[in-house]
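First up is the structure itself, then whatever we jot down about it.
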């Protein structure tokens, strides 16, 4: 795997509710599929590994394999190193905007790029004080007070833009710092 690239996978709803997996259980199917240098980050559905062609990974087939291993139907979001580089470099909100809020920037991974109508619908749902920005297959959210204190109907957002999973932008940046192109 001399020319292998790092792949990043974000699995929805791991270690929330009744879906409890150790890091070893989380990564085992990836190891079984023959991926190299498999690692989990923060026991929350964040997995990374190396392969020769990240663009050749078929999410639906990977979901099937993970479903057999985990005992439930996971929803996954696969990102290449280039996509991760763009996400971690994103500055969707100004430092002043961030300082004015009590929240942390959230990034949601989407399956497809939302169209202008979808984006407009999400902007219409955003409560006063919350900020939303879209970038390729991601939407960024800066809640005014914090995720749990926001009135943004996240389930309604998902109905508009399709399946998604959310992480703090800080978590995504730390994961990329730890496993990104230098590693």
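FYI, it's all coordinate maths here, none of it is from the lab. Since the model is a prediction, treat every value here as computed from it, not as a measurement. Here the Cβ positions follow ideal geometry from the backbone for every residue, glycine too, while neighbour counts run over all protein chains shown.
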Problem set entry | Relative contact order (percent, whole number), the stretch 86-174, Cα cutoff 8 Å, 6+ residue spacing | 40 percent
Exercise. Using r as the Cβ-Cβ distance of residue 124 and residue 177, and R0 as 30 Å, what FRET efficiency do you calculate, to the nearest 0.05?
Worked result: 0.30
For this session: For helix 59-70, report the angle its Cα long axis makes with the longest principal axis of the Cα atoms of the chain; keep it between 0 and 90° and round to the nearest 10°.
Result: 70 degrees
For this session: Kindly state, to the nearest 0.05, the FRET efficiency for residue 91 paired with residue 168, given R0 = 25 Å and r defined as their beta-carbon distance.
Result: 0.95
Problem set entry | Centre separation in Å (Cα based) which lies between the stretch 107-145 and the stretch 1-33 | 26 Å
For this session: Quick one: angle between helix 23-32 and the longest Cα principal axis of the chain, in degrees between 0 and 90, rounded to 10, please.
Result: 50 degrees
Problem set entry | Kirkwood hydrodynamic radius of the chain, Cα pairs, Å | 17.2 Å
Problem set entry | Extension gain (nm, one decimal) between residue 73 and residue 98, 0.36 nm per residue minus Cα-Cα | 5.4 nm
Problem set entry | Pair residue 16, residue 56: separation of 7 Å Cα→Cβ label points (nm) | 3.4 nm
For this session: Quote the FRET efficiency, to the nearest 0.05, computed for residue 5 versus residue 158 with a Förster distance R0 of 30 Å and r equal to the Cβ-Cβ distance.
Result: 0.55
